[in-house]
Amino acid sequence: MEKKNIDWENIGFGYQPTDYRFEARWKDGKWDEGKLVTNPNIELSEAACVLHYAQCCFEGLKAYTEKNGDIVTFRPDQNGKRMQDSAKRLEMPTFPVDKFVDAVKAVVKANAAWVPPHGTGATLYIRPVMIGSGPQIGVAPADEFIFRIFVMPVGAYFKGAVKPLKLTVSNYDRAAPHGTGGIKAGLNYAMSLYPTMEAHRHGYAENVYLDPATRTFIEETGGTNIIFVDKEGTIVVPQSPSILPSITRRSLVDVAKDLGMKVVERPVKLDEVKDMAECALCGTAAVLAPVGMIHTEEGDIYLPSGMDEMGPVSKKLRETLTGIQGGDLPDTRGWICKAW
């Protein structure tokens, strides 16, 4: 199978239409069988619920070429389960996890020529999305839905990949205490667009959001979870019901435990950051990206790991997880799902 003629090592993180996508539709109380389609466009009613009331949820996962040539995905069943949680919270029909995994594998296999070769640093990003497509003017759920999976080859989410980032503590709130912060709803990301662009305009890669009730505890950024390493080498994972349960973060926690590292999951105060040794952002797109500095109203906090390279604990975690994903290290937990 001949790969596409792409400069794999220099691609960015952006939309690139590929050959096939999967689409299934919910109507009259059930999903149809779904199929692979080639049209990248969706035609919608002007009254589609997604356009007026943001009835939409999505997922993100990746496919990799292993060193033996196999094309695999990483824990797609967990994405399927998390999407079900999002759908329930938004009054949308759940898509069966087994069919979700089968659809992911079908799309990846159909677009195998777009999966970057092993060792290039690039991956195939997979975006499942579900929208309320039925017309709805009253504030109520749609009665028709579209579930679609499309893919594209991508490079690093943050420019420089493993170069330490500068963050700023946002004056805006990401999610209400009893809101939708714990699910992957499109509306959560819509409200973060302005704060994110404000951060970029001031030279920061991302925002750090605090809990909206007291504005003293770390939650997450606009697009990733946050983890810390204290000066004793313990992995410290912020805990809050408003934090999206990242599959990458969960996997890093398991990797850390397998490596014999101590992991603590608890609420983390902003005041504690100055005493941490390392900080990193984690998620499907970013994998694990180091943080060198966090700007606060009281002044800049520089992590001891510095602005030049990733801290040793973060580096070990990233190398181990990407090694498992790429087939360079053994998969002892059954996370790898072969697609082709």
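Readers should treat all values here as calculations from the given coordinates under stated rules, not as data from a laboratory. Source: prediction; values computed, not measured. Neighbour counts run over all protein chains shown; Cβ positions are idealised from the backbone, glycine included.
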Counting pairwise Cα distances across segment 252-295, what percent come out greater than 16 angstrom? 53 percent
GluC sites (Glu not before Pro) within segment 239-340, DSSP loop, no more than 11 other Cβ atoms inside 10 Å: Glu297, Glu298
One would report the antiparallel percent of DSSP beta bridges in segment 114-271, rounded to the nearest 5, as 65 percent
Just to compare against my own numbers: the Cα pair-distance distribution for segment 216-278, 10 Å bins, whole % per bin, please. 22, 56, 22, 0
Return the inverse of the average 1/r over all pairs of distinct C-alpha atoms in segment 237-321, which is the Kirkwood hydrodynamic radius, in Å to one decimal. 13.7 Å
Scaled by the rule-of-thumb 2.2 N^0.38 Å, the alpha carbon Rg for segment 279-336 gives a ratio of 1.39
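What does the convex hull of the Cα atoms come to per residue for segment 42-174, in Å³?
Measuring per residue, one finds 152 Å³ for the Cα hull of segment 42-174.
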Counting only residues 5 or more apart in sequence or on a different chain, those whose built amide H sits under 5 Å from that of Thr180 are none
Computed over segment 126-229, Cα set: Rg, Dmax in Å: 16.6, 49
Please sort through the DSSP H helices of the chain and keep those with an alpha-carbon extent of at least 18 Å along the long axis and a Kyte-Doolittle average not below 0.5. 97-110
Whole-angstrom Cα spans of segment 116-165 along principal axes, big to small: 49, 27, 9
With label points set 7 Å from each Cα along the Cα-to-Cβ direction at Lys274 and His178, the distance between them in nm comes to 3.6 nm
GluC sites (Glu not before Pro), restricted to segment 195-255: which are DSSP loop and have at most 14 other Cβ atoms within 10 Å? Glu232
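Out of every Cα pair in segment 1-100, what percent are spaced more than 21 Å from each other?
More than 21 Å apart: 51 percent of the Cα pairs in segment 1-100.
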Restricting to DSSP loop positions (anything but H, G, I, E, B) with no more than 15 other Cβ atoms inside 10 Å of their own Cβ, which GluC sites (Glu not before Pro) remain in segment 4-52? Glu33, Glu43, Glu46
Output ³J(HN,Hα) for segment 17-22: one whole-Hz value per residue in order, computed from phi by the Karplus curve 6.51 cos²θ - 1.76 cosθ + 1.60 with θ = phi - 60°, and x for Gly and Pro. x, 10, 6, 9, 9, 9
If you average over every viewing direction, what projected area does the convex hull of the Cα atoms of the chain give, in nm²? 17.2 nm²
What percent does the relative contact order of the chain come to when contacts are Cα pairs within less than 8 Å and at least six residues apart? 20 percent
